[in-house]
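**Student:** Have a look at this one.
The values are calculated or read from the model by the stated rules, or taken from the named source; none is laboratory data. These numbers were taken from a predicted model, which means no experiment stands behind them. Here the Cβ is made from the backbone with ideal geometry for all residues, glycine too, and neighbour counts use every protein chain on show. Accessible surface areas use protein heavy atoms only, side chains included; no ligands, DNA or RNA. Shrake-Rupley method; radii C 1.70, N 1.55, O 1.52, S 1.80 Å.
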Amino acid sequence: MEQSPSLPLVRRILADYCNRQDLSLVCDEGSGQAGYIELADGRRRFFRGTHFDLNPLGAAEIADDKAYTLSFLGRDGFTVPDSLLVHGFDVLASLRVHKPEIAAKMHAAEDALHFAETVGYPVFVKPNSGQEGEDVVRLNDQADLQRALDELLMRHSSLLVQKAVRGADLRILVLDGEILLALDRQPVQVEGDGEQTVEQLAIGVAGLNFRDPRIEHELTRQGLGPASILEEGQTVELLPNNNLSAGAKAKDITNSLAGDLKQTAVSICGSLGLRYAGIDLIAENPEKPGSRYAVLEVNAAPGLNRYAAQGAEELAKVTSVYERVLDALTNWGPQ
């Protein structure tokens, strides 16, 4: 594999793959994160980051919209959390003038408060479009929810408010009906030693940005602060979600994942018309057949950089996954 550490992981894997397969790789001259593979007959397979020419555009666009994804999956009989899509004041005000019939069916921030009281706290609020867990927050009461809505609707046009679901947090990668990798994502947390503060312990968490305002909220929720000294063995969660890009770790459970959950992930891809995707599930007991689950979201361009950074074994698995994806990419389409 090309060894330059300045190049993105996927770019290095692409370069090594194309070199071995005698394929031409053309990348932008800046970041190197966009370009195409030119096949022997001149056809091109484009990519940008982890977006590859595998999924239909319409299907990928639906997957990028969390509310649409859950709506269609719920209609097809998959278990999804109770959710409500809310829109910012500016969005609703414009629609009430130009498309009042559509605006009448949409929800405002105040509707989220009633929704949360109905389904019960805690609830999650997340941008309806977006990746890597950015701006995902967990709220435990009406005052917290109101503050979060006020703040996040300044940055996002729409938010998804979702009833919290307990269980293991899974990311399952599917390609053409086959499970490539199943990860159990662990909470972003620190363990006390009786001497160091939470902030000092957090320095050792790779990928964690301790300035993330959600950390202060999570610590306050647990009656703690950055200067709190944890007892030996005491664990404290720092973020509301287990996203790898935010510092979470993951373990490979591909071989032990229950067969019906594997089939559920494959069926979700089929339901949304996706060849390749990362399926995010919460499962009560992922290794037990018949375990209750809920679909959180679907990612049509799942990233694996942070998992690969956990160690040599993880890097080898990620490389294998991407090479399978590239095999599908370069052999796809009419010959």
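**Student:** Run the quick spin-label model on ASP176 and SER24: label points 7 Å from Cα toward the beta carbon, then report their separation in nm to one decimal.
**Tutor:** Output for this residue pair reads 2.5 nm.
**Student:** Moving to a separate point now. Could you compute Rg(Cα) / (2.2 N^0.38 Å) for the range 108-150, with N its residue count?
**Tutor:** 1.12
**Student:** Answer rounded, prolate or oblate for the range 136-258, using the Cα gyration tensor with square roots of eigenvalues a ≥ b ≥ c: rounded when a/c is under 1.5, else prolate when a/b is larger than b/c, else oblate.
**Tutor:** Oblate.
**Student:** Turning to a different aspect of this structure: Provide, for q = 0.13, 0.15, 0.21 Å⁻¹, the log10 of I(q)/I(0) from a solvent-free Debye sum over equal Cα point scatterers in the range 22-108.
**Tutor:** Each listed q maps to, in turn, -0.71, -0.80, -1.00.
**Student:** Would you work out the charge dipole size for the chain about its Cα centre, treating the Cβ of every Lys and Arg as +1 and the Cβ of every Asp and Glu as -1, and quote it to the nearest 20 debye?
**Tutor:** The dipole of the chain has a size of about 780 debye.
**Student:** Any idea of GLU195's accessible area? Nearest 10 Å², probe 1.4 Å.
**Tutor:** It works out to around 140 Å².
**Student:** A further question on this structure: State to the nearest 20 debye the size of the charge dipole of the range 192-238 about its Cα centre, where the only charges are +1 on K and R beta carbons and -1 on D and E beta carbons.
**Tutor:** The calculation lands at about 240 debye.
**Student:** Another one. What's the ranking of 181-194, 24-37 by average number of surrounding C-beta atoms within 10 Å, highest first?
**Tutor:** Final packing ranking: 181-194, 24-37.
**Student:** Further question on the same structure: Hey, which of these cross-link pairs are over 21 Å Cα-Cα: LYS66/LYS249; LYS66/LYS99; LYS66/LYS251; LYS251/LYS288; LYS126/LYS163; LYS262/LYS317?
**Tutor:** Correct reply: LYS66/LYS249; LYS66/LYS99; LYS66/LYS251.
**Student:** Name the shape class, rounded, prolate or oblate, that the alpha-carbon gyration tensor gives for the range 192-238, where a ≥ b ≥ c are the square roots of its eigenvalues, rounded holds for a/c under 1.5, and otherwise prolate holds if a/b is larger than b/c and oblate otherwise.
**Tutor:** It comes out oblate by the Cα gyration axes.
**Student:** Considering only protein heavy atoms and a 1.4 Å probe, what is the carbon-and-sulfur percentage of the accessible area of the range 82-164?
**Tutor:** The value for the range 82-164 is 53 percent carbon and sulfur by accessible area.
**Student:** Could you tell me the distance between the Cα centroids of the range 82-118 and the range 39-71, to the nearest Å?
**Tutor:** Comparing the Cα centres of the range 82-118 and the range 39-71, I get a distance of 29 Å.
**Student:** Over the range 192-238, with every protein chain in place, what whole percent of the accessible area is carbon and sulfur at 1.4 Å, could you tell me?
**Tutor:** Carbon plus sulfur share of accessible area: 44 percent.
**Student:** For the range 126-191 and the range 253-268, what is the separation of their C-alpha centers, rounded to whole Å?
**Tutor:** The range 126-191 and the range 253-268 have Cα centres spaced 21 Å from each other.
**Student:** Over all pairs of distinct alpha carbons, what does the Kirkwood formula give as the hydrodynamic radius of the range 82-164, in Å?
**Tutor:** When all Cα pairs of the range 82-164 are included, the Kirkwood radius is 12.8 Å.
**Student:** Now for a separate question. The range 77-125: percent of C-alpha pairs farther apart than 13 Å?
**Tutor:** Pairs farther apart than 13 Å: 61 percent.
**Student:** Per DSSP H run of n ≥ 4, the term is -39500 (n - 2.57); total these for the chain, divide by its residue number, and report the mean residue ellipticity at 222 nm rounded to 500 deg cm²/dmol.
**Tutor:** Calculated from helices alone, the mean residue ellipticity at 222 nm is -10500 deg cm²/dmol.
**Student:** Turning to a different aspect of this structure: Based on Cα coordinates alone, diagonalise the gyration tensor for the chain, multiply each eigenvalue by 5, take square roots, and list the semi-axes in whole Å, largest first.
**Tutor:** After diagonalising the Cα gyration tensor, the semi-axes are 34, 27, 20 Å.
**Student:** Ok, one more. For the range 192-238, report the accessible area per residue in Å² (1.4 Å probe, heavy atoms, rounded to an integer).
**Tutor:** Per-residue value: 59 Å².
**Student:** Here's another thing I want to ask about it. Using the per-residue mean of other Cβ atoms lying within 10 Å as a proxy for protection, in what order, highest first, do the peptides 152-162, 107-117 fall?
**Tutor:** Packing order, densest peptide first, comes out as 152-162, 107-117.
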